[in-house]
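Below: one structure, written as structure tokens.
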Amino acid sequence: MSDPVSPAAAASRRRFLRSGAGSAAVLASAASAQVAPLEVAPWSREPGEPVGWHPYGQPSPFEKEVMRRSRRSVPLPGANSSMTPLHALFGAITPTGLVFERHHAGIPQIDPARHRLAVHGLVQRPLLFSMDDLLRFPSVSRVHFLECSGNTGSEWRGPGTQSVQISHGLLSCCEWTGVPLSVVLQEVGLKPGAAWVLAEGADAAGMSRSVPLAKALDDALLVYAQNGERLRPENGYPLRLFLPGYEGNMSVKWLRRLKVGDAPFMSREETSKYTDLLPDGSARQFSFGMDAKSVITFPAPEHLLRGAGFYEISGLAWTGKGRVRRVEVSTDSGASWRDAVLQEPVLDRALTRFRLPWHWDGGPAVLQSRVWDETGYRQPTPQELIAVRGLESGYHYNAIQSWGVTPDGKVRNVRV
Ligand SMILES: Nc1nc2c(c(=O)[nH]1)N[C@H]1C(S)=C(S)[C@@H](COP(=O)(O)O)O[C@H]1N2
Ligand SMILES: [Mo]
């Protein structure tokens, strides 16, 4: 039985076959199989490691270079971030151990038996929940991306780093499981005037953000599990807030308190930080939703192309405003664009993998991708973005990324 194939995918496959790339030429680099018999390698000669070699599974030792990395080589104590190795991943789900980290004061080691969530403020019944209490509530699982609003902030003034992991890797996509926040707010009962919810973390940063009540009642989750297992300590164990499509900072980890109020609480994280200075001198505040963005993850500066011929260009597209509708890829610096195939299912506020077959003629090329979301919004060029936002913004950079390919097969971050 063959897989169902979307019309776009079928059309792409036909194009691919017509282009001749589907012939034996694709495999020009593979050795001829006529030289069989195969070598009997050492690992085929005796039984391997026993079951339970690693009670908790580990990647192959040959993949040890695939790891989270930081921009700063000497981490500041506690306050740092590490990026997801986007160039080394496939599909759309981020393996839990490779999910980027952003901590303002390190990773607290929280005993779940002693952890409490307080819900108070403009509520009928202020309540204190244990983890056991929260695990008894009805739960849901959803696949969503999480992106730090500082992601790609290195690119405002031109190419800031020669690594897609460092430039775009404050980005992950997991299946999150927890209790809808609306259910817990129903349990405590809202008082008239309730309009905002302060979420506070139990880390030493006491990180806190104000969440509009409409978002809290809509799709906010109190998450305790990620990709099927309980949260990892670095991602908020035992409990985090998760706000689909919103800037990562608002998904408060190690969540210990929710206070309902009638106005935003103007915490440090929404006054001195997480605002953007605009050209007219005003500040853009409460920029919650992440705008549509895409990036080619193969090839990227981490890769070396080994000679002209067939390559599958592949990357990720996402939007905090709903679903990705369309991704186009250019291999000629934006002179012409072709529709990439979107890997289905295309989920609401989740990473979407896109792919495009490409025959590299071995000459210089500039690769770009641009995404449209279902609101009709198109990812801007750097020039379009800077015209609106100026150059004093640190956050929410979402412009088209260009990778320059040189005849020696190197891939460089370039601005065109
Ligand atoms: N309590 C607390 N919550 C926090 C943070 C933090 O430092 N403390 N960092 C925030 C930021 S800036 C981001 S981008 C996300 C990162 O989530 P992750 O580390 O699970 O990828 O968590 C947010 N929640
Ligand atoms: Mo962040």
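The values are calculated or read from the model by the stated rules, or taken from the named source; none is laboratory data. Only a predicted model underlies this, so the values are computations on that prediction, with no experimental measurement involved. Cβ coordinates were reconstructed from backbone atoms using ideal geometry, including for glycine residues, and neighbour counts include every protein chain displayed. Note: accessible area is taken over every heavy atom of the protein model, side chains too, but ligands, DNA and RNA are not part of it. Shrake-Rupley method; radii C 1.70, N 1.55, O 1.52, S 1.80 Å.
Here's the yes/no breakdown for (1) open to solvent by 90 Å² or more (accessible area, probe 1.4 Å); (2) assigned to a loop (DSSP other than H, G, I, E, B); (3) among the aliphatic types (A, V, I, L, M):
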{"site": "G52", "(1), (2), (3)": "no, yes, no"}
{"site": "Y56", "(1), (2), (3)": "yes, yes, no"}
{"site": "S81", "(1), (2), (3)": "no, no, no"}
{"site": "A92", "(1), (2), (3)": "no, yes, yes"}
**OP:** Return yes when K259 is more than 25 Å from V119 (Cα to Cα) and touching a residue at least 24 places away in the same chain (Cβ under 8 Å) and no when it is not.
**Re:** no
Subject >> Complete set of residues in the range 258-268 that are open to solvent by 60 Å² or more (accessible area, probe 1.4 Å) and part of a strand (DSSP E or B) >> reply: K259
**OP:** Might you let me know whether the range 120-134 holds any residue that is within 30 Å of R68 (Cα to Cα) and in contact with a His (Cβ under 9 Å, 6 or more places away or on another chain)?
**Re:** yes
Subject >> Close pairs (8 angstrom Cβ cut-off, 6 or more residues apart or separate chains): over 17 Å from L171 (Cα atoms) in the range 95-109, near ligand 1 (Cβ under 9 Å from one of its atoms) and in a strand (DSSP E or B) anywhere >> reply: I107/E101
**OP:** Taking the options G97, G193, name whichever one is more than 11 Å from ligand 1 (Cβ to nearest atom), open to solvent by 30 Å² or more (accessible area, probe 1.4 Å) and assigned to a loop (DSSP other than H, G, I, E, B).
**Re:** G193
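Table: residues versus (1) outside any loop (DSSP other than H, G, I, E, B); (2) closer than 22 Å to F298 by Cβ.
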{"position": "L356", "(1), (2)": "yes, yes"}
{"position": "W372", "(1), (2)": "yes, yes"}
{"position": "L385", "(1), (2)": "yes, no"}
{"position": "G394", "(1), (2)": "no, no"}
Original post:
Taking the range 219-266, which residues are within 13 Å of ligand 2 (Cβ to nearest atom) and more than 27 Å from Y56 (Cβ to Cβ)?
Top reply: L243, Y246, E247, N249, M250, V252
Original post:
Inside the range 100-151, can you point out the residues that are within 16 Å of ligand 2 (Cβ to nearest atom), within 16 Å of L255 (Cβ to Cβ) and surrounded by fewer than 18 Cβ atoms within 10 Å (Cβ to Cβ)?
Top reply: A105, I107
Original post:
Only one residue in T297, T319, T271 is among the β-branched types (V, I, T) and surrounded by fewer than 19 Cβ atoms within 10 Å (Cβ to Cβ). Which one?
Top reply: T271
Subject >> Given (1) within 16 Å of ligand 2 (Cβ to nearest atom); (2) touching a Gly at 6+ places or on another chain (Cβ under 7 Å), index of the condition A199 fails >> reply: (2)
**OP:** Consider only pairs whose beta carbons are under 7 Å apart and that are at least six residues apart or on different chains; among these, list those whose first residue lies in the range 62-73 and is closer than 16 Å to H87 by Cα and whose second residue is among the acidic types (D, E) and surrounded by 16 or more Cβ atoms within 10 Å (Cβ to Cβ).
**Re:** R68/E101
Subject >> Meets criteria (surrounded by fewer than 18 Cβ atoms within 10 Å (Cβ to Cβ) and either under 30 Å from A399 (Cβ atoms) or among the aliphatic types (A, V, I, L, M) (or both)) for G206 >> reply: no
**OP:** Could you please find all residues in the range 288-342 being touching a Ser or Thr at 6+ places or on another chain (Cβ under 7 Å), polar (S, T, N, Q) and part of a loop (DSSP other than H, G, I, E, B)?
**Re:** S336
